[in-house]
Amino acid sequence: MFISPKTDPFASITLARLELPGHKIPKPGLQLKFSLYLYRMKGWLLILLALLPAIAQSQDADSLKNIILKTRNSDTNKVHALVDLAAIHFHDNLDSSRLLITQALKLAKKQNYKRGIGFSNTAKSGYFFQKGELDSALIYANRGAKILKSVGDQQHILAAYNNMALIYNNMDKPEEAIKIYLKIYRLIENQETSIQHMAICNNLAVAYSNNQQLRESKKWFQKVIKYAHEMKHPMGLVYGLNGTASVNLDLDELDEAIDHSTEALRISLENGMDKTVIESYQNLGKAYSKLGKHDLSNSYLNKGLELARKFDSKQNLQVIYQYLAQNHKQQGKHQTALEYNELYHAIKDSIFSQDKVELIEELEKKYETATLKRKQTQLEFEKELQGVKAKRNRNYLIIISVIVVLLSISGILYFLQFKNRKKAELNRLELTEQNKRLLVENQYKDSELKAIKAQMNPHFIFNALNSIQEYIILNEKELASDYLGKFADLIRLYLNQSNQTLITIEEEIKSLQLYIELEALRQEGLEFEIKCEDEFLLEKNLPPMLIQPYVENAIKHGLWHKQGVKRLEICFYEKNELIVCEVSDNGIGLRASKKINDQKNKHRSFSTDANASRLQIIQEKHGNQLSISIEEKVEQDQVLGTRVQIQIPNTLV
């Protein structure tokens, strides 16, 4: 996700959080450093953004701003770019970082991009870490880790864990940091050897050293050396060797300390790594000082002193001055020892004063922020309180006005009511009588509809049972079983609708689907499609089994005698505030079908006659126009089938 530094990757890693052995991790608010994951690179790299060259940062910031401006809000790359830019501003503008991370988190939630929500929370932990608010930093780091774990994002989980370990280190909780580093190492241990193995081993070694577990620290520094040898990585070797040498000194293993420091010095000089040379010279000077070889110790310490002054490395200067003062005192050179001792205390006071000033500035910033928040909260509370009071007074005024108006209206209404009471009683009696007549009439028509529908259901059952009997006679057991199962489902559906005067179009479509599937078992090559052009029509009502007779006619009279592909289409749509159901087939047409029926002396379809009676009663009952048109589809004197259009008022209730 972040831009890689132009220097050696492992150098960036080690300088980011792999402190040199013997150096304590800086306190929050002083030298705040935070590791962040490079999401867009293969492999798992950590980088300290403060170490990026200024030019590279400017270029990266410009390119990221360009991406943010040109990328749509629906593109997850915009979330990445926002977090990348926030990280670049960690060292110079924390307010900008906060706004960018907040925007990234909001956008990721809107996109439901859980991975983006996870690493945005991880970045937010980095923001709070930079501010020295470690409790908040730990909360967001944990939150990010949980989200990333839920989506199985292994690489990002490792970065989140590493951030948590860094926070625990700065909270003086090395035991917790060690637990997390060990968890990370177990996750990557069996992977192909990479820079991350050296980085985590080095972090573990430093954490164990800070926790006074020197043997464990030495073991993990030796793992750094092992991985560096496998990768032929000079920087890794130098850090592993110098770290091991530092632990050797604490364990009084002076010969091993000299061997490791000498090897680290050789590699550093061969590869031009001047800053790491300081640490090697310093370790050699300390080792020879403990052995009593003060001249040799002074020689190495003076070489380290020259480089430490060049790079203004105050921490190294403090240690070198201390040992030079001890050496000259042991040699009886008290004046020189006194001078170095004064330099030691001066640089120590300088470091302390600088840290103290930075800490005071950080505390002042926190106090100002807290004061500003408190004032803002107070102003918001007062504003809200004033709003509540104004609203309450406005409500009182409205209530009083309403009461006055109601009293006035009540007086007028009482007078009018008294005047019109007898007239209203008369109208009520007439309306009651009229409603009684309408109720009796509707009940009569409903009974007629139920009687006709009761006749139609046995008609359909009779036809279906004939089909099942035919399969059984022909010994088509599987077809008979399938047909009987679908038939049972359809009968169940019709029974559910038997006491209903109206059903929804969605329910009608379900029953038609089952019916046509039953007929398809009897006719080879029957293709059908049922569609509804607008979803809201599915909730509209129509009488049950209104469409089925026409579908039955299309199949049995139009398609039954057709050769080749048999196509049936049923479509529901709205036209001129009417619901239209169109049943269309590519069968033999009306005239050919009538001719065949006349030859066979077939009587007119019972279901069609029954349906015509139902339509007449429905029109009388609802007073609405419900019509049916049947036409033959003809093109260039060629019959293409039959089309039935059933127009139903969309106000049936």
Fill in: Order by protection proxy (mean Cβ within 10 Å, highest first), peptides 480-489, 76-85
76-85, 480-489
Fill in: Peptides ranked, highest mean first, by Cβ atoms within 10 Å: ranges 421-427, 166-172
166-172, 421-427
Fill in: Potential extension, GLN616-LEU416 segment - 0.36 nm per residue separation minus Cα distance
67.4 nm
Discussion item. Students often get this wrong, so check it: of LYS110/LYS146; LYS65/LYS183; LYS106/LYS375; LYS540/LYS600, which have C-alpha atoms separated by over 29 Å?
Written reply: LYS65/LYS183; LYS540/LYS600
Worksheet item: If the cut-off is a Cα-Cα distance under 20 Å, which aspartates and glutamates reach LYS329, setting aside same-chain residues fewer than 8 apart in sequence?
Response: ASP295, GLU339, GLU342
Worksheet item: Among the listed pairs LYS124/LYS314; LYS486/LYS562; LYS510/LYS531; LYS486/LYS595; LYS486/LYS633, which are separated by more than 22 Å between their Cα atoms?
Response: LYS124/LYS314; LYS486/LYS562; LYS486/LYS595; LYS486/LYS633
Response to the item:
With R₀ set to 45 angstrom, the calculated FRET efficiency between the beta-carbons of GLU476 and GLN638, to the nearest 0.05, is 0.80
Item to complete: Could you pull out the pairs from LYS149/LYS218; LYS131/LYS286; LYS286/LYS310 whose alpha carbons sit more than 28 Å apart here?
Response: LYS149/LYS218; LYS131/LYS286
Worksheet item: Where the centroid of each part is defined by its Cα atoms, how far is region 167-219 from region 252-302 in Å?
Response: 25 Å
Worksheet item: What length, rounded to one decimal in nm, is gained on full extension from THR76 through to GLU524, with 0.36 nm per residue of separation minus their alpha-carbon distance?
Response: 156.2 nm
Worksheet item: Could the peptides 384-391, 292-299, 144-151 be put in order, highest first, of the mean number of other beta-carbon atoms found within 10 Å of their residues?
Response: 144-151, 292-299, 384-391
Discussion item. I need the shape label for region 84-178. Rule: rounded when a/c is under 1.5, else prolate if a/b > b/c, else oblate, with a, b, c from the alpha carbon gyration tensor.
Written reply: oblate
Worksheet entry | Length added when fully stretched, LYS290-TYR396, from 0.36 nm per residue minus Cα-Cα | 29.3 nm
Discussion item. List the aspartates and glutamates whose Cα sits under 14 Å from the Cα of LYS173, skipping any in the same chain fewer than 8 residues away.
Written reply: ASP135
Fill in: Label-point separation, SER350 to LEU502 (7 Å along Cα→Cβ), nm
9.3 nm
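Every number in this text was worked out from the coordinates using simple rules, so none of it is lab data. Computed from a predicted structure; not experimentally measured. So basically every Cβ, Gly included, is an ideal-geometry build from the backbone, and we count neighbours across all protein chains shown.
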